[in-house]
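The values are calculated or read from the model by the stated rules, or taken from the named source; none is laboratory data. Computed from a prediction, not measured in an experiment: that's the story for all the values here. Cβ placement follows ideal geometry from the backbone for every residue including glycine, while neighbour counts extend to all protein chains displayed.
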Amino acid sequence: MSIFVSDPKRRALLDLLLREEGLEPACAPKIGHRPRADFVPLSFTQQQMWFLDQLAPGNPSYKMVTAVRLKGSLDVLALEKSFNEILRRHDALRATFAAVEGIPIQRIASVSTVTLPVIELMGIPETERASQLMQLVTEAARRSFDLSKGPLLRLTLLKLKSEEHVLFFESHHIIMDGLSWEVLFRELAALYEAFSAGKPSPLSELPLQYPDFVHWQHERLQGDVLEHHLSYWKKQLDRAPALLELPTDRPRLPVQPFRGASLMMVFPEVLIKELRALSRHESVTLFMTFLAAFQLLLCRITGQEDIVVGSPIAGRNRPEFEGLIGLFINTLVLRTDLSNNPSFRELLRRVRNVVLGAFAHQEVPFEKLMGEIHLTRSLSRNSLFQVMLAFRQLTGAKALTLPGLTVDRFPVQMGVAKFDLSLAIRERPDSVRGAFTYNSDLFDATSVQRMMRHFQTLLEGIVANPDCCLTTLPLLPEAERHQLLVEWNNTKRCYPQDACIHQLVEKQVARTPTATAVAFGEQHLSYKELDKRASQLACYLQALGVGREVLVGIYMEPSLDLVVGLLGVLKAGAAYIPLEPNYPMERLKMVLEDSQLPSC
């Protein structure tokens with residue numbers, strides 16, 4: 001998450017920064033428990049996901065998957081019982097979605113037990129087991145959800161050996177977000193430990209459920225409160241650019257297929273230390289520094305100075321939400337002006353103001369905002385922004401841990417990209433990593449790898465001289481800079497020292513008479529045609545007395561005839577004086593007088 005508001009330290013820091021700027025953090029009435037109805041409205045973010053699913057049922061962009069490898073003696077019955085208890089505890093996991101008179105609603109199913117599917121792979125020869133496992137996981141990752149049928153969270157257990165399993169999770173984003181996984185893993189660990197030991201659940205009942213948040217959100221965001229936040233966003237996004245013109249390898253398709261891939265990078269420890277020091281000195285968060293650098297990268301590679309980037313925010317800015325599974329995430333639109341070539345320090349101040357303003361008005365769901373500003377939508381690209389920056393501070397172990405078992409992450413590649421380009425930064429106490437996810441229909445991997453090198457070079461230049469103007473900060477690594485400026489610019493060729501250019505053209509005529517020598521628009525001349533017309537012009541000029549020591553003025557717009565004229569003059573033995581038709585008359589008169597061109 002870009003602003004990890006469920007972390008008390010980070011939330012306190014942002015609240016302090018907001019108060020320093022005269023902006024009060026979001027404050028809302030206390031949320032309460034509601035009696036259950038037959039159906040519940042959708043949160044604003046759920047509404048958007050439901051709408052997108054209606055447009056493209058089974059769209060993989062909003063499917064979440066993860067898998068872990070379990071080594072040790074696994075109690076399958078305790079695992080299944082733990083999973084069923086989590087389903088019972090959280091209403092959001094039992095939700096299904098439908099439309100009643102055109103209005104989407106969610107129904108919360110009564111408590112029911114689910115059998116954990118177990119797929120046996122022990123009978124497959126070990127040489128084939130790995131490929132079979134990857135095939136099953138890939139098929140499961142691509143399996144779609146029907147939002148009208150549940151459950152929308154599925155678990156599958158693949159048994160490789162008597163004491164080795166792969167546990168595969170798949171969920172639709174409409175019922176849970178990234179922080180929900182942490183809640184699920186935490187509860188699964190506690191319940192499994194208790195149930196495998198024959199003990200009752202150690203977890204207390206939840207005072208609130210996700211439907212309580214939905215009702216609270218709808219009641220909160222209306223009237224003056226909604227208008228206050230919307231007025232900020234309407235002003236902030238007035239005349240925002242519709243498209244960030246990234247240099248793609250292929251043209252954009254009419255309809256987004258959402259195919260993608262990811263590349264990982266680890267930022268050097270020394271670089272991160274210097275970035276943190278710069279952030280402290282400028283009273284900004286590390287997220288703000290990365291955002292400023294990322295927007296500068298986008299500015300440099302597109303030539304645009306008005307850069308709009310999306311960034312997810314946890315949306316759990318109240319302690320009552322932190323233990324719930326559900327979709328709380330929101331998206332902030334961060335628009336920064338990089339014009340007038342400021343220093344990076346000045347850019348940081350601009351970004352700081354943008355982020356704090358967005359955070360102070362974060363309550364407006366992105367989907368609500370999209371409906372209010374009346375953007376022209378296109379199936380070929382995302383509206384408002386096409387690039388995302390996500391920042392997550394991980395202060396401790398967030399992965400699943402189960403007693404008596406060694407749990408390791410099992411990589412799953414979905415091959416999905418929601419945006420043209422996304423950068424996900426993960427900050428841990430011992431390292432900072434980045435994942436560039438890109439639309440593989442637009443970009444080749446080599447292009448994104450080059451972009452990653454440029455980003456690191458830019459960061460290194462920033463910490464070396466943050467007072468440097470944006471356009472002079474280094475972008476190219478030294479090897480790439482040498483290749484571009486020295487190797488590729490080494491166009492020196494050996495030509496005969498005793499031959500003029502028109503004589504070299506004549507030799508080329510003998511070698512490739514029909515090859516294209518010159519092109520202008522749709523017009524072309526072969527070497528043979530060019531030489532013939534130039535020779536005809538040379539004969540005409542010689543008949544007029546043009547020869548050695550004679551200057552000939554050429555006053556012509558760019559065209560094929562201009563090239564014919566240059567070669568014809570040289571063939572006649574004379575020299576030419578170029579006269580630019582777009583020059584002012586005073587300039588042309590000066591050239592004529594200075595060169596003393598003869599008149600015919």
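The helices (runs of 4 or more DSSP H) found entirely in the range 417-532 that carry 3 or more residues being modelled with pLDDT under 95 are 478-482, 501-511. A Cβ distance below 8 Å, combined with a sequence gap of six or more or placement on separate chains, defines the contacts here; from the range 458-469, residues that are closer than 11 Å to LEU275 by Cβ and touching a residue at least 40 places away in the same chain (Cβ under 8 Å) reach residues that are charged (D, E, K, R) and in a helix (DSSP H, G or I) in the pairs VAL463/GLU274; PRO466/ARG345. Scanning the range 116-153 for residues that are touching a residue at least 24 places away in the same chain (Cβ under 8 Å), out of contact with any strand residue (DSSP E or B) (no Cβ under 7 Å at 6 or more places or on another chain) and exposed (fewer than 11 other Cβ atoms within 10 Å of the Cβ) yields no hits at all.
Which one of these is in the same structural domain as GLY415 (by TED's automatic domain parsing), touching a residue at least 24 places away in the same chain (Cβ under 8 Å), under 30 Å from THR45 (Cα atoms) and assigned to a strand (DSSP E or B): THR113, THR156? If you could, list the steps in order and put the result at the bottom.
Details: THR113 fails: assigned to a strand (DSSP E or B).
Checking each option against the conditions leaves just THR156.
Checking each residue in the range 89-109 for being touching a Ser or Thr at 6+ places or on another chain (Cβ under 9 Å) and assigned to a helix (DSSP H, G or I) picks out ARG89, ALA92, LEU93, ARG94. Within the range 171-190, the presence of a residue that is touching a helix residue (DSSP H, G or I) at 6+ places or on another chain (Cβ under 9 Å), surrounded by fewer than 18 Cβ atoms within 10 Å (Cβ to Cβ) and basic (Lys, Arg) is excluded.
Listed by first and then second residue, the pairs linking a residue in the range 559-576 that is more than 14 Å from LYS532 (Cβ to Cβ) to a residue that is of a type in the set (A, V, I, L, M) and in a loop (DSSP other than H, G, I, E, B), with Cβ atoms under 6 Å apart and 6 or more places separating them unless they lie on different chains, are LEU562/MET556; ALA572/VAL546; ALA574/VAL546; ALA574/VAL550.
Can you name every residue in the range 411-457 that is of a type in the set (Val, Ile, Thr), touching a residue at least 40 places away in the same chain (Cβ under 8 Å) and under 26 Å from ARG345 (Cα atoms)? Within the range 411-457, ILE425, VAL432 qualify.
Out of the residues in the range 396-416 that are small (Gly, Ala, Ser), more than 26 Å from SER131 (Cβ to Cβ) and at pLDDT below 85, which is surrounded by the most Cβ atoms within 10 Å (Cβ to Cβ)? Looking at residues that are small (Gly, Ala, Ser), more than 26 Å from SER131 (Cβ to Cβ) and at pLDDT below 85, I get ALA397. Contact annotation: residue pairs with Cβ atoms under 9 Å, 6 or more positions apart or on different chains, pairing a residue in the range 484-505 that is within 20 Å of TYR576 (Cα to Cα) and in the same structural domain as LEU570 (by TED's automatic domain parsing) with a partner that is hydroxyl-bearing (Ser, Thr, Tyr) and at pLDDT 85 or above, are VAL505/TYR527. Could you check the range 427-447 and list, in sequence order, the residues that are among the β-branched types (Val, Ile, Thr), crowded, with 20+ Cβ neighbours inside 10 Å and farther than 16 Å from GLU269 by Cα? If the condition is that a residue be among the β-branched types (Val, Ile, Thr), crowded, with 20+ Cβ neighbours inside 10 Å and farther than 16 Å from GLU269 by Cα, then THR437 is the only one that fits.
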